[in-house]
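What follows draws every value from the coordinates through simple rules; no lab data is involved. Fair warning: this is a prediction, and the values are worked out from it, not measured in the lab. Methodologically, a virtual Cβ is constructed for each residue, glycine included, from the backbone with ideal geometry; neighbour enumeration extends over all protein chains shown.
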Amino acid sequence: MVIFTGAPSPYITVLRPGDNVYWMGVANILDDSNPAGFEGGEEHDQRGPDGTGGYAAIGADRCPSAAEQPDGRCPIGWLAAHILVTANNEFLEANPAARALFEAVRLTPLDVSLAEVAQREHGANPDDLAAQWVTDNRNLVDQWLAAARAAG
């Protein structure tokens, strides 16, 4: 099956590269050139603020076109947004350490999707998954906490 989808969308929790799907990649990452001439088409640019984007850290074993990329990343065709923490503005103003922590935290769509699949399909306990993620990503979590402590 071939699927084209807008992103972000929930498909990533069901289609797991390297498990039950093989991603081919996208030949050309969408930029702001609007080649079809649609009104507002330049707004569909999938490059990031630095002019790059539309690539994911999925190796050639799961995405054959990653082998053709200089950095070995898979051209998926869109920016995979990281999950961000949100909070009430008044809370953030009253809690600068929390604000710094929330601004530092970035969870990848793949990490979140894998946790969701583990819960949905394998009955994993979310508390256990979170604890294991923290253990596996201790250096990153420590950086987040240091940012919060510095602001607090």
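For this structure, a couple of remarks:
- Note on His44 and Glu103: the extension gain reaches 18.7 nm, defined as 0.36 nm multiplied by sequence separation minus the Cα-Cα distance.
- For the stretch 95-152 versus the stretch 26-81, the gap between their alpha-carbon centres in whole angstrom: 26
- The string of couplings for the stretch 29-42 from the Karplus curve (6.51, -1.76, 1.60, θ = phi - 60°) is 6, 5, 10, 9, 6, 6, x, 7, x, 6, 4, x, x, 5 Hz, one whole number per residue in order, with x for Gly and Pro.
- For the pair Asp128 and Ala146 in one chain, pulling the backbone fully straight at 0.36 nm per residue adds 4.1 nm over the alpha carbon distance.
- Fewest-first ordering of Ser33, Ser65 by other beta carbons within 10 Å of each residue's beta carbon gives Ser33, Ser65.
- Contour excess over end-to-end distance, with Cα ends at Asp71 and Asp32 and 0.36 nm allotted per residue: 11.8 nm
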